[in-house]
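Bear in mind these aren't lab numbers, they're just calculated from the coordinates by the rules spelled out. For clarity, every value in this text was computed on a predicted model and none was experimentally measured. For neighbour counting, all protein chains shown are included, and Cβ atoms are generated from backbone atoms with ideal geometry for every residue, glycine included.
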Amino acid sequence: ALVGKGNHAHFMHKEIHEQPTVIGYTLHRMIDAAAGRVALSDLNVDLSAIRRVQLSACGTAALAALTARHWIEGLAGIPTSWDVASELRYRAVPMSGTELGVFVSQSGETADTLGAMAQAQSAGAHTLAITNVAESSMAREADDVLLTMAGPEIGVAATKTFTCQLVALACLAMAIGRARGVLGEARESAFVQALSEVPSRINDILGREQQLVTLAETIAPARNVLYIGRGMSHPLAMEGALKLKEISYIHAEGYAAGELKHGPIALIDGSMPVIVVAPRDALFPKTLSNMEEVLARGARVLLFTDAEGAEEADRPGVESFVMPAIDPLAAPLLYAVPIQLIAYHVALQKGTDVDQPRNLAKSVTVE
Ligand code: G6P
């Protein structure tokens, strides 16, 4: 192979650790740090003419896209829809030339994502591919392309490409917001600043990996794990559950914390750990009360939050991993990392084939 594992036991581990570097490369391509502004000079589309955004992808890329819905709605004030590509491609979604179809794919070769993109194109939408492979089918066929600079990803479970997709999507949201005249300069430069702090904050998390190894020991014996979060932490909860099931074969679900009471709370007992993703944003108090509901039913909680959050949530039964402080808008980029590392260390402790999990392929080019 052209790419080696270096001094890492697995590609996945190496790729998790590459994130500060490759996020830096991707940011470098998409922001003008000195000016504190987004600079997507690769795009041809007139973003001011867009009236609706349709996001679609598969797997981990779909969860990056789902996170981005919050950015696009919040920063660009534009209606944004999302669906997995295997569904979108067979739905009769009305689209026109004022529609921007955004398709996210590490490989640029996923059959369902290509199918959904072709369908959007034939309906007249303007298509934008966010991909890691410049020579891919998707990059060739899309009207516009944003390239993530993650470098080759070998581990089947996506890690560094996910966070680089988040960078591209955050920048796209700002670019649309600016083109539409709804994103103020101060807000843009604050988010750009937060994004540029992400690599060093991730280094801080990577330096405390041993703590996550210990926390993984409490998850590894479980047969079922529930991840909960609200807002942008909801897709992250789903990504945490996806990573865990993919590589450790533990059944896991990612749920919107507010939906717990409509079903999954029936599952909670002392044998089902609950992983709570809750940066101290506007939704934190709500997630905290959901955490209390599971604690009251005997669950052990692993909480990802920042220092203030950890202090507020300090109760018996809660173990916190304290995250660096960051602008809540950029939090998904940081919170992705301990979620990846927990899945990795649980899988390692269980002895599964981390880089090549059973039944999964890196790139699914058939339907
Ligand atoms: C496969 C991989 C996942 C990936 C998904 C989408 O299922 O195992 O890690 O998220 O395909 O791949 P893409 O290349 O389109 O991002």
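The figures follow:
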{"read-out": "Cβ crowding within 10 Å averaged over residues, with 85-96, 137-148 ranked highest first", "value": "137-148, 85-96"}
{"read-out": "Estimated [θ] at 222 nm from DSSP helical runs (n ≥ 4, -39500 (n - 2.57)) normalised by residues in the chain, nearest 500", "value": "-14500 deg cm²/dmol"}
{"read-out": "Amide H partners (placed H, <5 Å) of Thr127, local residues excluded", "value": "Gly101, Asp143, Asp144"}
{"read-out": "Mean Cα-pair separation over length for the range 215-367, i.e. relative contact order, pairs under 8 Å, 6 or more apart, %", "value": "27"}
{"read-out": "Separation between Cα centres of the range 77-142 and the range 252-267, rounded to whole Å", "value": "30"}
{"read-out": "Neighbour-count order for Asp204, Asp314, Asp83, fewest beta carbons within 10 angstrom listed first", "value": "Asp314, Asp204, Asp83"}
{"read-out": "Sequence of Ile130, Ile275 once ranked by neighbouring C-beta atoms within 10 Å, starting from the fewest", "value": "Ile275, Ile130"}
{"read-out": "Whole-Hz couplings from phi, Karplus 6.51/-1.76/1.60, listed for the range 351-367; x for Gly and Pro", "value": "x, 7, 8, 4, 7, 9, x, 4, 6, 10, 10, 5, 9, 9, 9, 10, 6"}
{"read-out": "Proxy reagent accessibility, fewest Cβ within 10 Å first, across Trp71, Trp82", "value": "Trp82, Trp71"}
{"read-out": "Long-range HN-HN contacts of Ile275 with modeled amide H, under 5 Å", "value": "Leu226, Tyr227, Ile228, Leu302"}
{"read-out": "Summed side-chain charge close to Phe103 - residues other than Phe103 whose Cβ falls under 11 Å, Lys, Arg +1, Asp, Glu -1", "value": "-3"}
{"read-out": "Listed residue pairs exceeding 21 Å between alpha carbons, taken from Lys245/Lys286; Lys261/Lys350; Lys245/Lys350; Lys5/Lys245", "value": "Lys245/Lys286; Lys261/Lys350; Lys5/Lys245"}
{"read-out": "For the range 321-326, 3J(HN,Hα) per residue [Karplus equation, 6.51 cos²θ - 1.76 cosθ + 1.60, θ = phi - 60°, Hz, x = Gly/Pro]", "value": "9, 7, 8, x, 5, 7"}
{"read-out": "Counting DSSP beta bridges with both ends in the chain, the antiparallel % (nearest 5)", "value": "5"}
{"read-out": "Under 5 Å, built H, 5+ apart or other chain: amide partners of Met149", "value": "Thr26"}
{"read-out": "Length released on extending from Ala39 to Leu360, taking residue separation times 0.36 nm less the Cα-Cα span", "value": "111.9 nm"}
{"read-out": "Sequence-separation-based contact order of the range 141-260, relative, with Cα cut under 8 Å and 6+ spacing, percent", "value": "17"}
{"read-out": "Relative contact order (%) - the chain, alpha-carbon pairs under 8 angstrom, separation at least six", "value": "20"}
{"read-out": "Residue-by-residue Karplus 3J(HN,Hα) for the range 270-286, coefficients 6.51, -1.76, 1.60, Hz, glycine and proline x", "value": "x, 9, 10, x, 10, 9, 10, 9, 8, x, 7, 9, 4, 8, 3, x, 5"}
{"read-out": "Proximal aspartates and glutamates relative to Lys243, as straight alpha-carbon distance under 16 Å, when same-chain residues fewer than 8 apart are discounted", "value": "Glu15, Glu153, Glu253, Asp353, Asp355"}
